[in-house]
Amino acid sequence: MNNWVAAPLLIPLFTAVLLIFLHNKLALQRWISLLSALLNAGVSVILMIQVRSNGIQTLNMSGWAPPYGIVLVADMFAVLLVLSAAIVSACCFWYSFRGIDEERERHYFYSLVHFMLAGVNGSFLTGDLFNLFVCFELMLMSSYALIVLGGTKRQFRETLHYILINVLSSTLFVASVAYLYGAVGTLNLAHLSQRIGELGPSGPITVVSALLLVVFSVKAGLFLFFWLPGSYGAPPAAISALFGALLTKVGMYALIRAFTLVFYHETTVIHTLIGIMGVATILLGGFGAVSQTNVNRILGYNVIASIGFISLALAVSNEDALKGAVFYLVHDMIVKALLFLLAGILVAETGTERINRMGGVLTHSPLLAWMFFIASLAVVGIPPLSGFPGKLLIVQGSLESGQYVLAAAGVLLTLLLLYSLIKIFILGFWGKPRRPREMKWKQPRKLLLSSAPLMLLIVLLGVFAEPVMPYMQRAADILTDPSIYIQAVLKE
Amino acid sequence: MSKGSDIFLQNVSKVVVFIVLAFALYLFFTGHSSPGGGFIAGLMSAGALLLLALAYDIETVRKVVPVDFKLVTAAGLLIALCTGSGALFFGEPFLKHAFGYFDLPLLGKTELHTALIFDLGVYLAVVGVTMTILLTIGEDN
């Protein structure tokens, strides 16, 4: 029993509730939000140290032992993602001080983000399938409100798509959870894994796992992503950054967790399917990114393509690939948040989202230009930056398993993303400066300061990949050998 | 519906609202170890307020219950969270509840437990959310 495991859930929840009472005091709201996110990062570090020295930490809520009670499980994989989420959210809060208009701030923006963070952290830490659904819903409900907050015409249109697709997939989620409970009689992830192992390969289980694959793929934007580029581009940059960094990654986390811990016994059907979906996502997402001219849509397709790339690791499921997937997930959360935040500044500076109407930003804000350039290189995976080790490991893992098509798709993706981001750079930053339209925010360049920590992180994570690697290794150990997780939860 | 359009509905609901609220109260207290609880009692109470809103109008409901329902939601969440986290200070797992038997005047030997306080939080949160939704939709007319 370790109550620290509940802290990453409780801190955002308490903050969210507190901020409802303070919704007219904007300055107070901002600082409390930032402090809460930093506190959460601190708690995650404590939790990470505990996990490193004492192994997986669990908390049986209200003292009921699993499989009957609901259990929270902090393993290295979950803790790393909770920590990254806390850091990303802290930077996004800092950015929102200037990047979100006061009207939105007054209408519970900060509370909603905290509720969403509670859902995100809960999804990472839960050890129970139904609880995962609840945390998903908490996260999605808050994201519905965040995406429509402000009420522009574009937001209403995109919200409708977003809500419809998510309500549909949530319905499927509950249905498959019920189906699974009917088939095996438990919803605790560790217990599920055990029971499914005892039952041996069976048709119904494969059907349920395929249903869950569809559900999680919709959330992650794996293949079923048609709703994503529009929806993520509609709200202001700080919200897009949170969505792009966190929401799809939660879906990806659920996919990895489900198909390495629970449904790993029979890999011929589902893992092949994941591989095919991954390659298709890479191609469609990559070409989508290349073909667009709207900054936010390009970034949206970038998010999709990376999800496709991470799912290659899941299709291969060997140690190197999964280690790479953990590394790449952490990197992707940070770098996607950074890109969306920088794109927000770019749009504010030029007054348009279309790159063929921009130009010459390099001359009047060189810092923004070079930060964007470095972030692009990190996405692509140029060696000293954080994109490289993860990408290398995933490609290496695919080659080890003889999956040459997957490896080739991963390399092709690099080229496509490079092209799409350099296109923004060439059209947006080079060329003649055009007369900027009326500025939306006061001094958008000051926002660069709040993106700087993320920038620093992607450099550090790349340069000091060696000392970070043991943590990724710990995470990958549990993914490759589920019995560690099962024993820690069921304590047999 | 225009104000005061249906005299029958109005007079009946004056009585029925109290019956519904009393039943909600019963559900709330019976909920710990038999069907009922904060959630369903909250929905019931919101139903009673909705009946008032239908028989009279939303302004009447605002006058009868002059609170900001968003704050009611927040207060409910806060109570529930605090009760759940109370266990942390006693070195117990999160959400662990405590109970004891007390001799109360009139009621005699009664079981009092912290789960009831948690349920009060749930009750307030449900009433708050439901009424916020209903009033928001109602206003759009």
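The values are calculated or read from the model by the stated rules, or taken from the named source; none is laboratory data. Since we're looking at a predicted model, the values are computed, not measured. Glycine gets a Cβ as well: all are built from the backbone with ideal geometry, and neighbour counts include every protein chain shown.
Of (1) within 14 Å of chain A (Cβ to nearest Cβ); (2) crowded, with 20+ Cβ neighbours inside 10 Å, B:Val127 satisfies all except one. Which?
Going through (1) within 14 Å of chain A (Cβ to nearest Cβ); (2) crowded, with 20+ Cβ neighbours inside 10 Å one by one, B:Val127 breaks only (1).
Could you tell me whether any residue of segment A:341-361 is among the hydroxyl-bearing types (Ser, Thr, Tyr), modelled with pLDDT under 90 and surrounded by 19 or more Cβ atoms within 10 Å (Cβ to Cβ)?
Within segment A:341-361, one or more residues are among the hydroxyl-bearing types (Ser, Thr, Tyr), modelled with pLDDT under 90 and surrounded by 19 or more Cβ atoms within 10 Å (Cβ to Cβ).
Here's the yes/no breakdown for (1) over 20 Å from B:Ser85 (Cβ atoms); (2) of a type in the set (Val, Ile, Thr); (3) touching a His at 6+ places or on another chain (Cβ under 6 Å):
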site	(1), (2), (3)
A:Pro12	no, no, yes
A:Leu19	no, no, no
A:Leu28	yes, no, no
A:Ile32	no, yes, no
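Among all residue pairs at least 6 apart or on different chains, which show Cβ distances below 6 Å where the first residue, located in segment A:278-301, is over 22 Å from A:Arg154 (Cα atoms) and the second is surrounded by fewer than 23 Cβ atoms within 10 Å (Cβ to Cβ)?
That search, which allows pairs on different chains as well, returns A:Gly286/A:Leu416; A:Val290/A:Leu416; A:Val290/A:Tyr419.
Which helices (runs of 4 or more DSSP H) does segment A:176-294 wholly contain that include 1 or more residues that are farther than 20 Å from A:Leu164 by Cα and either touching a Lys or Arg at 6+ places or on another chain (Cβ under 7 Å) or not β-branched (Val, Ile, Thr) (or both)?
A:189-199, A:203-220, A:237-242, A:248-257, A:268-291
Mind counting the residues in segment B:46-75 that are within 10 Å of another protein chain (Cβ to nearest Cβ), of a type in the set (Ser, Thr, Tyr) and more than 13 Å from the chain's Cα centre (by Cα)?
Of the residues in segment B:46-75, 0 are within 10 Å of another protein chain (Cβ to nearest Cβ), of a type in the set (Ser, Thr, Tyr) and more than 13 Å from the chain's Cα centre (by Cα).
Please state which one of B:Ala46, B:Ala80, B:Ala75, B:Ala53 is in contact (Cβ under 8 Å) with a residue 60 or more places away in the chain, buried (at least 16 other Cβ atoms within 10 Å of the Cβ) and under 14 Å from B:Leu124 (Cα atoms).
The conditions single out B:Ala46.
Among B:Phe89, B:Phe99, which is the only one that is among the aromatic types (Phe, Trp, Tyr), surrounded by fewer than 19 Cβ atoms within 10 Å (Cβ to Cβ), more than 30 Å from B:Lys63 (Cβ to Cβ) and in contact with a His (Cβ under 7 Å, 6 or more places away or on another chain)?
None of the others qualify; the one that does is B:Phe99.
Can you find even one residue in segment B:19-32 that is within 14 Å of chain A (Cβ to nearest Cβ), modelled with pLDDT of 85 or more and either within 19 Å of B:Leu124 (Cα to Cα) or assigned to a helix (DSSP H, G or I) (or both)?
Taking every residue of segment B:19-32 in turn, none turns out to be within 14 Å of chain A (Cβ to nearest Cβ), modelled with pLDDT of 85 or more and either within 19 Å of B:Leu124 (Cα to Cα) or assigned to a helix (DSSP H, G or I) (or both).
Please verify whether B:Ile7 is in contact with a Leu (Cβ under 9 Å, 6 or more places away or on another chain) and either among the aliphatic types (A, V, I, L, M) or within 14 Å of chain A (Cβ to nearest Cβ) (or both), treating the condition exactly as stated.
So B:Ile7 does not fit the description; no.
Do you know which residues across segment A:372-390 are surrounded by fewer than 24 Cβ atoms within 10 Å (Cβ to Cβ) and in contact (Cβ under 8 Å) with a residue 60 or more places away in the chain?
A:Ile374, A:Pro383, A:Pro384, A:Phe388, A:Pro389
Among the residues of segment A:29-39, is any on the phi > 0 side of the Ramachandran plot, surrounded by fewer than 21 Cβ atoms within 10 Å (Cβ to Cβ) and either modelled with pLDDT of 95 or more or within 14 Å of chain B (Cβ to nearest Cβ) (or both)?
No, segment A:29-39 contains no residue that is on the phi > 0 side of the Ramachandran plot, surrounded by fewer than 21 Cβ atoms within 10 Å (Cβ to Cβ) and either modelled with pLDDT of 95 or more or within 14 Å of chain B (Cβ to nearest Cβ) (or both).
For segment B:98-114, give me the residue count where each residue is within 14 Å of chain A (Cβ to nearest Cβ) and of a type in the set (Phe, Trp, Tyr).
Matching residues across segment B:98-114 total 1.
Looking at segment A:278-295, is at least one residue at pLDDT 90 or above and under 23 Å from A:Gly197 (Cβ atoms)?
For segment A:278-295, residues at pLDDT 90 or above and under 23 Å from A:Gly197 (Cβ atoms): absent.
Just to be sure I understand, how many residues within segment A:214-233 are surrounded by fewer than 24 Cβ atoms within 10 Å (Cβ to Cβ) and either over 18 Å from A:Ala289 (Cβ atoms) or modelled with pLDDT of 90 or more (or both)?
Number satisfying all stated conditions: 2.
Just checking: which of the helices (runs of 4 or more DSSP H) contained wholly in segment A:44-156 hold 2 or more residues that are within 14 Å of another protein chain (Cβ to nearest Cβ)?
Of the helices (runs of 4 or more DSSP H) lying wholly inside segment A:44-156, those with at least 2 residues that are within 14 Å of another protein chain (Cβ to nearest Cβ) span A:109-125, A:129-148.
Of B:Leu95, B:Leu134, B:Leu78, B:Leu88, which residue is closer than 26 Å to A:Ala145 by Cα and within 14 Å of chain A (Cβ to nearest Cβ)?
So the residue among B:Leu95, B:Leu134, B:Leu78, B:Leu88 that is closer than 26 Å to A:Ala145 by Cα and within 14 Å of chain A (Cβ to nearest Cβ) is B:Leu78.
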